[in-house]
Amino acid sequence: MDKVDLSVALVTRNRPQWLRRCLTSWRSQSVQPFEIVVSDDSDPEFNHEVEQIASEFNCRYVRGPCRGLYANRNNAALSCRGSHIMSADDDHTHPPDFVRALIMKIETDPDAIWTVGERSSDNPNSPVSIPGEMRSNGVVGPPDDPDRSAAIACGSTAYPRKVFELGHRCDETYSFGGLWYLWGHRLRKAGFRIRYCQDTFVFHHTESSILRRDDLTFAAAQLECNLYVNAAHAFRVSHNPKALLRTLKSALRFLTIGVQAQGHVRKIRIRPASVARAFILAARWSW
């Protein structure tokens, strides 16, 4: 088989010191990736510092589109030149043999999409959290078959380059939220085999969730996105009445008693207009 050239498509925004920690981890690998592309969605006051850090660690720096996380993921991936493209986040670090273990796995099935689990950096001996998939009934859980799943790890998945050459792109409908659940189903339907690499993992530094827990605007937007994901899955993917009923119940809770968004301590309600927008956009979602 041809040599695996693993590009790292690393997205960042307004967190230069987190980027430095992340790149220190990448450059401490026993086997170096083919390239690291830093796609910078930062506000103007951070751009110069981020570019300097990227240069210091011998990375290729590109400006992000500033349209949200998923647009930045697309930008990073399309800027890569390797045979395989690893999505990466600035709040991850890695065991020293991460790249070596992943490349060895890719070599066993280079046409597959390989996902990687994570551990909390606060509890490095904890069990690895396996990427979940949205099942037919709308519940997210570990895939029934980790070697033929729809489970994508948003910031730690390695794609063969042809995923993007064939025109597949992350959904950019929302800036942030669980859009990777739809992305996994889209790629599986397109014929890609999504497999779980159990030989390594990433450390996830969760300070970002703590910093955002009082940002109610962000939380409400995240909830709206997740409602969109649930509705699109029910309407277009599973066609399962249980998934549709679960989505309708979620919408009712959002409007009345509120729900707790991930990383937030308060229950949040979202406006009727936001619920309506999520359903309208979900009805337009297509393969």
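Taken across segment 124-135, residues that are part of a strand (DSSP E or B), closer than 15 Å to residue 201 by Cβ and acidic (Asp, Glu) do not occur at all. Polar (S, T, N, Q), crowded, with 19+ Cβ neighbours inside 10 Å, assigned by TED's automatic domain parsing to the domain that holds residue 32 and closer than 22 Å to residue 29 by Cα - does that describe any residue in segment 107-120? Yes, some residue in segment 107-120 is polar (S, T, N, Q), crowded, with 19+ Cβ neighbours inside 10 Å, assigned by TED's automatic domain parsing to the domain that holds residue 32 and closer than 22 Å to residue 29 by Cα. If you take the residues in segment 201-217 that are among the β-branched types (Val, Ile, Thr) and in contact with a strand residue (DSSP E or B) (Cβ under 7 Å, 6 or more places away or on another chain), which one is modelled with the lowest pLDDT? Looking at residues that are among the β-branched types (Val, Ile, Thr) and in contact with a strand residue (DSSP E or B) (Cβ under 7 Å, 6 or more places away or on another chain), I get 206.
Counting only helices (runs of 4 or more DSSP H) wholly contained in segment 175-287, the ones carrying 1 or more residues that are free of Cβ contacts under 8 Å to residues at least 12 places away in the same chain occupy 207-211, 216-232, 241-255, 272-284. Among the residues of segment 171-205, those that are surrounded by fewer than 23 Cβ atoms within 10 Å (Cβ to Cβ) and under 17 Å from residue 76 (Cα atoms) comprise 171, 172, 175, 176, 183. Residue 55: closer than 18 Å to residue 13 by Cα, within 17 Å of the chain's Cα centre (by Cα) and either assigned by TED's automatic domain parsing to the domain that holds residue 178 or touching a residue at least 60 places away in the same chain (Cβ under 8 Å) (or both), yes or no? Answer is no for this residue.
Taken as a whole, the condition of being surrounded by 13 or more Cβ atoms within 10 Å (Cβ to Cβ), under 25 Å from residue 188 (Cα atoms) and at pLDDT below 95 applies to residue 222.
Just one of the listed residues (104, 86) is part of a helix (DSSP H, G or I) and either out of contact with any Lys or Arg (no Cβ under 9 Å at 6 or more places or on another chain) or free of Cβ contacts under 8 Å to residues at least 40 places away in the same chain (or both), namely 104. Can you confirm whether residue 98 is within 25 Å of residue 184 (Cβ to Cβ), out of contact with any Asp or Glu (no Cβ under 9 Å at 6 or more places or on another chain), in the same structural domain as residue 176 (by TED's automatic domain parsing) and of a type in the set (Phe, Trp, Tyr)? For residue 98, the condition - within 25 Å of residue 184 (Cβ to Cβ), out of contact with any Asp or Glu (no Cβ under 9 Å at 6 or more places or on another chain), in the same structural domain as residue 176 (by TED's automatic domain parsing) and of a type in the set (Phe, Trp, Tyr) - is met. What number goes with the only condition from (1) within 21 Å of the chain's Cα centre (by Cα); (2) free of Cβ contacts under 8 Å to residues at least 60 places away in the same chain; (3) closer than 17 Å to residue 203 by Cβ that residue 121 does not pass? With respect to (1) within 21 Å of the chain's Cα centre (by Cα); (2) free of Cβ contacts under 8 Å to residues at least 60 places away in the same chain; (3) closer than 17 Å to residue 203 by Cβ, residue 121 is out only on (2).
Residue-by-condition table, conditions (1) within 16 Å of the chain's Cα centre (by Cα); (2) of a type in the set (Lys, Arg); (3) in the same structural domain as residue 69 (by TED's automatic domain parsing):
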| residue | (1), (2), (3) |
| --- | --- |
| 136 | no, no, yes |
| 139 | no, no, yes |
| 146 | no, no, yes |
| 172 | yes, no, yes |
| 187 | yes, no, yes |
| 195 | yes, yes, yes |
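The values are calculated or read from the model by the stated rules, or taken from the named source; none is laboratory data. All figures in this text were calculated on a predicted structure; none of them were measured in a lab. Every residue, glycine among them, receives a Cβ derived from its backbone with ideal geometry; neighbour counts consider all protein chains shown.
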